[in-house]
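Only the coordinates and a few stated rules stand behind these numbers; no lab work does. Since we're looking at a predicted model, the values are computed, not measured. Glycine also receives a Cβ, built like all others from the backbone with ideal geometry; neighbour counts cover every protein chain displayed.
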């Protein structure tokens, strides 16, 4: 007889659980105390995504409260973070139509809870960025997933943290029409991804700031207008920018870009290439213009010419633009601030040490 997909998943999850439990007592840290999950709540959250390798060794651990581990599991990171009183949480992503089935949803949650226990982690960051139609089966399944995940993690790992990643605005950005109010009530915090704000460009196809200050702040006012508790909101800021090839550069410095539609909009930031802050800091020094400042968008940018004679325009965030946003975090009493991602600074070159320090300081000292 052919086994159903759900039965196969159940058996797989059961076997995985046995394997996980079998190794759950093996603490990889020098002190067994470091394998105890972090339960203490901080007054101010500094939430950092980590995508692997060893950049975490250079993070400013005097301010980091949570690390979302989006790279390969690193027990050294977990041990070190715990020694500093910081949480490390799992990445949680799943194909949304799959968890419309309540049984599949329960199996996914069980697997994630068991994985967190085995790796001595402190919760989960749920990162699902699918387009969802309001009132659809996927809409209700996603809301249920967040609620049920939070209940399971809090029950099985007391003091654990469950967060959910949302777009810069709740107004169906990229067609993500979620039940934001219920999701916010269900989990511990919303990580607001205040970047990639040009994923849908409805007007002229021109290069713009990744996260213009006015547009960013508008998104938070929209969340607060929904009467979402500000203590549930963490402002995410980008440690990267976009490099656009200009089809034409006007006398006023406006860079026309290729038309690449996305989820109903005629243009998008897909016309550009994401560049790390460390790359940007090197490129700006050899650029045509040096660092420029757009007063309207309150963001830095510069133009450069590549080896083939093509003109590029690069938009990014630096300590000045980040400070303008960080001030809202404090004035509105938000839960905290965070970054995508901690690996994007230059921790190697001595010459970049001051730049790196300033980016960390901009999160909390503005």
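Taking a cut-off of 22 Å, what percent of all Cα-Cα pairs in the stretch 173-257 are separated by more than that?
Looking at the stretch 173-257, the distances longer than 22 Å represent 38 percent of pairs.
Round to the nearest 10 and give me the degree value, 0 to 90, for the angle of helix 5-22's Cα axis relative to the longest principal axis of the chain.
80
In what order do 302, 95, 44 fall by count of nearby beta-carbon atoms within 10 Å, going from fewest to most?
Ranked by crowding around the Cβ, least crowded first: 95, 44, 302.
Assuming a ≥ b ≥ c are the square roots of the Cα gyration tensor eigenvalues, decide whether the stretch 62-125 counts as rounded (a/c under 1.5), prolate (otherwise, with a/b larger than b/c) or oblate.
Prolate, since a/c reaches 1.5 and a/b exceeds b/c.
Can you classify the stretch 46-181 as rounded, prolate or oblate using the Cα gyration tensor, where a ≥ b ≥ c are the square roots of its eigenvalues, rounded means a/c under 1.5, and otherwise it's prolate if a/b beats b/c and oblate if not?
It comes out prolate by the Cα gyration axes.
Using only Cα atoms, find the angle between the long axis of helix 137-156 and the longest principal axis of the chain, and express it within 0 to 90 degrees, rounded to the nearest 10.
60
Based on the alpha-carbon gyration tensor of the stretch 33-83 and its eigenvalue square roots a ≥ b ≥ c, which shape applies: rounded if a/c is under 1.5, prolate if not and a/b is larger than b/c, or oblate?
oblate
With angles folded into 0 to 90 degrees, how steeply does helix 319-331 sit against the dominant principal axis of the chain? Use alpha carbons for both and round to 10.
Taking Cα atoms only, the helix is inclined about 50 degrees.
What is the calculated FRET efficiency for residue 226 to residue 84, with r their C-beta to C-beta distance and R₀ = 35 Å, to the nearest 0.05?
FRET efficiency, residue 226 to residue 84: 0.55.
Computed over the Cα atoms of the stretch 241-301, what is the convex hull's projected area averaged over all directions, in nm²?
Mean projected area of the Cα convex hull: 4.9 nm².
Exposure proxy check: 61, 360 ranked by fewest other beta carbons within 10 Å?
Taking fewest neighbouring Cβ atoms as first place, the list is 61, 360.
Arrange 47, 70 by Cβ neighbour counts within 10 Å, fewest through most, would you?
With the fewest neighbours first, 47, 70 line up as 70, 47.
For the stretch 255-366, I need the span (max minus min coordinate) of the C-alpha atoms along each principal axis, in Å, sorted largest to smallest.
That works out to 43, 41, 26 Å along the principal axes.
Add -39500 (n - 2.57) for each DSSP H run of 4 or more in the chain, then divide by its residues: what number comes out at 222 nm, to the nearest 500 deg cm²/dmol?
-10000 deg cm²/dmol
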